[in-house]
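Coordinate-derived values only; no laboratory data. Fair warning: this is a prediction, and the values are worked out from it, not measured in the lab. Neighbour counts run over all protein chains shown; Cβ positions are idealised from the backbone, glycine included.
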């Protein structure tokens, strides 16, 4: 393959990562923006989504597309339910105090991993893609499913965007994010908004997981790397800034894809993590975020 | 109560704890003898973490790198450069100090959530570096220090750190030194300034204290203590591997300190001891009753963290201090 063909392949792989990251980081960013909660268990909601996708597709059987569509509906709902319950039972009782919620979500991370290990086991298992046709490009064939992942993510992102900017629910969320106390005095049930935002954030991670699981196998420790990458995306994009999050997801996803094709993946991770840490040190509002009020 | 009297009580209490740990070595069965030696070294790590988290109020998720700076600072110099034990231990301390000051200068520019994420990322970079330089560190497999490398020659006498009795004594000595250093530190004006920063940094700055320098000093002390634990771990137990640099090993000291009571001098040893035995016992017990459930430390640690933060946020000694023994440092 010529250099430009390899670059095209790397870009496509990067776009798939970016699509997954954008969905996941959007969830993380929403939770942080509205609730000021750093959800360390976000990666485990992702993992739970992947494992549930495997469970649903295995239970249904038949044509892979049938199970996949069912998984795309059932897995996010179940994950959302788990998130809702943990928000009511744990986070609300801590009054969303930043350090306490971080410790609590670390605890939740371990609990979810343990549950996955107990009921799913330590093995990595594949989920069959809903369709298998390949797109033939002049230089190489490329999986049509991966392209569909990119397309579907864009649709999901636009849908979330519309919900946030065009609906009453979105308005309520943004009002809560902007100023919690004023929102409360205008009669917004801030407490309930928090619960739904936390569930929505987890559901976005679960959707990302269902999409990615036919490409990458489901495993109980798979949440770790996406969590770190989403942290990076949310930071680069500016904590709580949704537009920044999307731009950063594209940036990080593409550079991750391209760098790991041409350089040692460990070195690429080291350099990327170092750059992000320094961004956070010298420009805490992120590259695209506005200064905190 | 006159302050002089309280002072005497505090010192007597800590002397009693140290003496009890010294005497325990004669009565403990072999297995628990080994556990206590290990727990004392890990408690030093927790005490180092407590200075930054408990007293200064900075939630760091990267302290595994300071432990590992000591672990590798001592381990690699012994393994590759054939250094003797004392200079290797010193190399571990120096690595911890340099790393803590370096990370501190950068990370302390941020506060709150950003500080947590920055320390997490520096910890991650450290972990990845240990994997990247696998030629020297052997990555996840780690390096094993042979018995010959772990001997101290003092004139004609040879101190063998692989001997369980010696190991217990060295761990006990390190623990005692760090315990009294911490005690002295938090009762001095320096410790008071750290607590003031935790309670209200703005006000402390207004009173004329340079809070950045104080926080950096806290990081440096914490880094050296954690590195001491790491260096002692490498030399006493003869193993240095990349698994000690994982995020998990930054979360464990947080858990130990929370269990024992943040910002208490004796909390770390109590928390480390309790959690070690809890994980140990529950492992056997749970696996006996729930065979094939793959129950591991994950669930125990997770449930402990959530329950603690919900119902017992001050930890054991923190609650004791609040309710009964007000003078506990």
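Key figures for this structure:
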{"read-out": "Linear extension gain, residue B:239 paired with residue B:322, 0.36 nm per residue minus alpha-carbon span", "value": "25.8 nm"}
{"read-out": "Binned Cα-Cα distance frequencies in chain B - 10 Å width, integer %", "value": "6, 25, 34, 25, 9, 1, 0"}
{"read-out": "Two-site FRET efficiency, residue A:278 against residue B:169, from Cβ-Cβ distance with R₀ of 41 Å, rounded to 0.05", "value": "0.40"}
{"read-out": "Cα gyration tensor category, rounded, prolate or oblate, for the range B:77-207 with a/c compared to 1.5", "value": "oblate"}
{"read-out": "The range A:158-222-the range A:14-34 distance, computed between alpha-carbon centres (Å)", "value": "11 Å"}
{"read-out": "Inter-probe distance in nm under a simple model that places probes 7 Å from Cα toward Cβ, at residue B:11 and residue B:148", "value": "4.7 nm"}
{"read-out": "Nearest 10 degrees, 0 to 90: helix A:168-178 Cα axis against chain A principal axis", "value": "70 degrees"}
{"read-out": "Crossing angle, helix A:3-35 versus chain A [Cα axis fit, 0-90 degrees, rounded to tens]", "value": "20 degrees"}
{"read-out": "Range of Cα positions in the range A:3-282 per principal axis (Å), largest first", "value": "61, 47, 36"}
{"read-out": "Cα Rg over Rh - the range B:221-329, Kirkwood", "value": "1.02"}
{"read-out": "Value of [θ]222 nm, deg cm²/dmol, for the protein assembly as shown, DSSP H segments ≥ 4, -39500 (n - 2.57) each, nearest 500", "value": "-24500 deg cm²/dmol"}
{"read-out": "Highest average packing first - B:231-243, B:25-37, Cβ atoms within 10 Å", "value": "B:231-243, B:25-37"}
{"read-out": "Burial ranking of peptide ranges A:141-149, B:132-140, A:191-199 (average Cβ count within 10 Å, highest at the top)", "value": "A:191-199, A:141-149, B:132-140"}
{"read-out": "On Cα atoms only, tilt of A:98-119 relative to the major axis of chain A in degrees", "value": "40 degrees"}
{"read-out": "Binned Cα-Cα distance frequencies in the protein assembly as shown - 20 Å width, integer %", "value": "18, 51, 27, 4, 0"}
